[in-house]
Amino acid sequence: LSILSDGFSGEDLASGGENIFVLDADGKKIASVAIGTKKAEVVAGPDQLSDPKSIAAYEDRVFVLTEDGVDEAGEEQKEVIDKNWTSGPEGSEVLPYAYAGNFYVVDKAENMIWRYPGISGGDFGEGRGWLAEGISADFSSAISLTIDGSIWILTSSNRILKFSQGVGQNFSISSLAPALEEVSSIYTNEENESIYILERSKNRVVVLDKDGKFRAQYLSDKIGEAS
């Protein structure tokens with residue numbers, strides 16, 4: 001990526017379709033990398049991006065979390081969701097994710113998941129609370145989320161919260177040694193039978209099945225450098 005664009009520094013990434021999208025927030029650039037061929041190109045630059053905090057992707061669409069809401073990146077930055085959540089000055093209280101044509105926002109301050117349904121023309125409808133009536137949750141320590149139909153949320157206390165159809169599900173990790181101590185990120189998708197958890201402090205990626213049972217782990221000093 002540094003060859004693709006001088007000084008490029010990846011801070012966030014999201015997968016969509018056959019591509020991975022990487023955000024350089026300081027440089028105000030987004031690069032795409034084709035998973036199959038590793039072909040890379042800059043898909044949005046400083047002229048198209050304003051104040052990006054993090055990114056989400058669905059198929060070939062890339063979305064940027066900003067101070068004011070969510071924009072779609074492209075030849076021009078277009079606002080697609082106006083902020084109705086509570087967030088700090090750096091947008092740190094919000095986790096965004098695009099899935100199945102809809103957009104989701106975990107609002108850590110309000111302990112809510114907002115769902116914005118995709119509508120015709122590529123726009124999104126009004127955000128509504130996704131949690132079922134009478135269901136409450138604590139998202140104050142949430143640091144990462146992923147969606148495969150269910151919503152999985154990773155917390156800084158090394159817990160995984162699972163929600164299906166707006167209701168919390170029982171989930172616990174078994175047969176993992178050493179235990180998680182300082183997690184960073186979580187990922188799965190509807191086609192994958194496993195959940196992947198990044199733990200930089202131990203230079204590893206832990207692999208669990210979707211019942212929480214330990215399956216494998218990847219170890220490498222390079223994993224400790226992951227951003």
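The values are calculated or read from the model by the stated rules, or taken from the named source; none is laboratory data. On a predicted model such as this, the values are computed, not experimentally measured, just so you know. Every residue, glycine among them, receives a Cβ derived from its backbone with ideal geometry; neighbour counts consider all protein chains shown.
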Would you check if G121 is surrounded by 14 or more Cβ atoms within 10 Å (Cβ to Cβ), outside any loop (DSSP other than H, G, I, E, B) and of a type outside the set (A, V, I, L, M, F, W, C)? no
So which of A216, A226, A177 is of a type in the set (A, V, I, L, M, F, W, C), over 22 Å from I55 (Cβ atoms) and modelled with pLDDT under 95? A177
Inspect all residues belonging to the range 23-46 and state whether any of them is at pLDDT below 90 and either among the β-branched types (V, I, T) or surrounded by 18 or more Cβ atoms within 10 Å (Cβ to Cβ) (or both). no
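Residue by residue, here is whether (1) over 22 Å from G129 (Cβ atoms); (2) in contact (Cβ under 8 Å) with a residue 60 or more places away in the chain; (3) in a strand (DSSP E or B); (4) polar (S, T, N, Q) holds:
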| residue | (1), (2), (3), (4) |
| --- | --- |
| E41 | yes, no, yes, no |
| D47 | yes, no, no, no |
| F63 | no, no, yes, no |
| V80 | no, no, yes, no |
| N84 | no, no, no, yes |
| A98 | no, yes, yes, no |
| Y104 | no, no, yes, no |
State whether one or more residues within the range 31-39 are in contact (Cβ under 8 Å) with a residue 12 or more places away in the chain, in a loop (DSSP other than H, G, I, E, B) and closer than 21 Å to S185 by Cα. yes
Can you tell me which residues in the range 122-158 are among the charged types (D, E, K, R) and over 22 Å from T86 (Cβ atoms)? D123, D148
